[in-house]
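S.K.: Please read through the structure below; I'll follow up with questions.
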Amino acid sequence: MTHFVYIVRCADGTLYTGYARDPHKRVQAHNAGRGARYTSGRRPVHLVYAEAFRSRTGALKREYRLKRLSRLKKEALIQGWTVVIEKASPVGMALPTSKIAMQ
């Protein structure tokens with residue numbers, strides 16, 4: 001089974017990061033008002049990033065890391081850059097990539 005971490009852009013330009021088994025259905029739920037409270041007042045939302053994982057644990061760990069990123073780093077990730085988070089440093093680096101592989 002595949003698990004996903006996704007980022008949506010809300011109508012007000014903000015970004016929301018979440019976990020889902022099917023990110024497209026989750027976006028439909030957000031737009032129908034059945035998603036997170038944060039997105040309910042910021043509809044419509046549009047899927048701008050999704051990353052696949054083999055395990056729920058891996059996806060939830062990645063979601064936690066993505067939620068801690070600055071908006072600038074999330075925007076870099078959305079634009080096709082891999083954001084590398086150094087364990088020894090609170091500041092990550094962005095590296096160019098063409099595709100993010102399944103974790």
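S.K.: Post the alpha-carbon centroid distance, the range 46-80 to the range 11-29, in whole angstrom.
M.R.: 11
S.K.: So between ASP12 and LYS25, what do we pick up on full extension, going 0.36 nm a residue minus the alpha carbon distance?
M.R.: On the way: separation 13, 0.36 × 13 = 4.68 nm, distance 2.11 nm.
In short, 2.6 nm is gained.
S.K.: A follow-up question, please. What is the extension gain from ARG43 to LYS61, computed as 0.36 nm multiplied by their sequence separation minus the C-alpha to C-alpha distance, in nm to one decimal? Provide the component values of the computation, followed by the final result.
M.R.: On the way: separation 18, 0.36 × 18 = 6.48 nm, distance 2.65 nm.
Stretched fully, the ARG43-LYS61 segment lengthens by 3.8 nm.
S.K.: Assuming 0.36 nm per residue, please report the length gained on full extension of the stretch ILE78 to THR2 beyond their Cα-Cα distance.
M.R.: Details: separation 76, 0.36 × 76 = 27.36 nm, distance 2.04 nm.
Roughly 25.3 nm would be gained on extension.
S.K.: What shape does the range 3-51 take by its C-alpha gyration tensor, where a ≥ b ≥ c are the square roots of the eigenvalues and a/c under 1.5 counts as rounded, a/b above b/c as prolate, and the rest as oblate? Walk me through the intermediate numbers first.
M.R.: Details: a/c = 1.96, a/b = 1.35, b/c = 1.45.
It is oblate, given that a/c is not under 1.5 and a/b is not larger than b/c.
Readers should treat all values here as calculations from the given coordinates under stated rules, not as data from a laboratory. Worth saying up front: this structure is predicted, and the values here are computed from it rather than measured.
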